[in-house]
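Structure first, then comments.
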Amino acid sequence: MVLRILVIASLVLSAFGLGVLGWQLLQPPEVIVAAVAPPPPPPARARIIIAARALPAGTLLKDEDFATREMPPQEIPDGAIIAGEEGRMELRGALLRRYLDAGAIPQREDMLRPRDRGFLAAVLRPGTRAIAVGVDVVTGAAGLIWPGDQVDLILTQELGVADAPLARRVIGETVLTGARVIAVDQQLTRGANPTDANTDRVARTVTLEVTADQAERVAVATRLGRIALTVRAIDRLETELDLAINGTAVFGADVSPALARSALSQGARMRVIQGDEKQEVTFR
């Protein structure tokens with residue numbers, strides 16, 4: 001009886017094993033997929049500053065003169081300027097030494113910066129000079145004069161009592177017209193350093209671009225009396241009115257009717273000297 005049970009169990013196990021083997025043989029072969037490596041990351045690229053348009057030598061650079069371009073780091077030439085606020089601050093207000101085509105890459109040696117030695121001399125046009133004029137909050141247009149503006153220089157002076165009657169004692173005259181402002185204090189470019197803590201401080205000196213003869217006139221004017229600067233409109237051209245005003249002095253009586261009437265009532269005076277005697281004669 002036991003033998004019969006063992007034989008039956010062996011047959012059942014054999015049948016089960018044959019069934020499992022047959023099922024495995026009937027399954028499709030497993031496809032082995034090779035592992036694919038992920039694609040390499042794109043090469044790193046840096047953004048540099050390029051010329052947005054053709055820039056002639058002598059250009060005072062502004063933000064709108066530049067654009068940016070991406071390049072592989074290994075292709076960036078030495079001296080190129082990386083894009084960003086720090087790079088633009090480095091270029092803003094610099095003087096371009098050589099011509100740049102549109103899309104050209106400016107390099108550091110192509111620039112002369114405001115703090116570099118010889119920058120002021122390089123900014124001046126041929127045959128011109130730079131002369132500084134002292135100003136205050138009133139004579140300097142309330143601190144609103146900037147490098148690049150064109151200004152007129154007005155001299156006011158007061159003659160002595162013995163030199164002129166009251167109506168003609170205070171004189172105003174235009175000494176210089178259309179002078180280009182080169183610098184305000186030590187700032188040679190507008191907005192070159194907007195984070196400067198002294199941007200709200202009123203200027204004390206304004207440097208003008210003048211000819212040699214004009215420099216002499218300005219130097220004499222600063223000794224004669226008080227100097228004031230007036231800013232000209234950016235598109236203002238020399239007109240017949242300007243030409244008529246130039247060289248014409250304005251006296252106190254021209255501004256104040258009261259002084260003019262006073263001069264008429266007082267009459268003209270003449271000093272008569274006879275030997276050691278001095279006498280004033282009034283004509284009415």
Pairs where the first residue, in the stretch 37-59, is touching a residue at least 12 places away in the same chain (Cβ under 8 Å) and on the phi > 0 side of the Ramachandran plot and the second is outside any strand (DSSP E or B) and among the acidic types (Asp, Glu), C-beta under 7 Å, 6+ apart
none
Those residues that are over 11 Å from PRO56 (Cα atoms) and buried (at least 16 other Cβ atoms within 10 Å of the Cβ), I need them from the stretch 90-104; list them, please.
GLU90, LEU91, ARG92, GLY93, ALA94
Somewhere in the stretch 137-147, is a residue modelled with pLDDT of 85 or more and aliphatic (A, V, I, L, M)?
no
Can you give me the number of residues within the stretch 85-127 that are touching a strand residue (DSSP E or B) at 6+ places or on another chain (Cβ under 7 Å), assigned to a helix (DSSP H, G or I) and over 17 Å from ASP65 (Cα atoms)?
4
Within the stretch 47-74, residues at pLDDT below 85 and either over 15 Å from the mean Cα position of the chain (by Cα) or part of a strand (DSSP E or B) (or both) come out as ALA57, LEU60, PRO73, GLN74
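Among the candidates ARG117, ARG88, which residue alone is touching a Phe, Trp or Tyr at 6+ places or on another chain (Cβ under 9 Å) and charged (D, E, K, R)? Steps first, please.
Details: ARG117 fails: touching a Phe, Trp or Tyr at 6+ places or on another chain (Cβ under 9 Å).
So the residue among ARG117, ARG88 that is touching a Phe, Trp or Tyr at 6+ places or on another chain (Cβ under 9 Å) and charged (D, E, K, R) is ARG88.
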Positions within the stretch 122-133 being under 13 Å from ARG97 (Cα atoms) and exposed (fewer than 14 other Cβ atoms within 10 Å of the Cβ), in sequence order
ALA122
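The values are calculated or read from the model by the stated rules, or taken from the named source; none is laboratory data. Owing to the predicted nature of the structure, the values given are computational and were not obtained by experimental measurement. Note: ideal-geometry Cβ built from the backbone for every residue, glycine included; neighbour counts use all protein chains shown.
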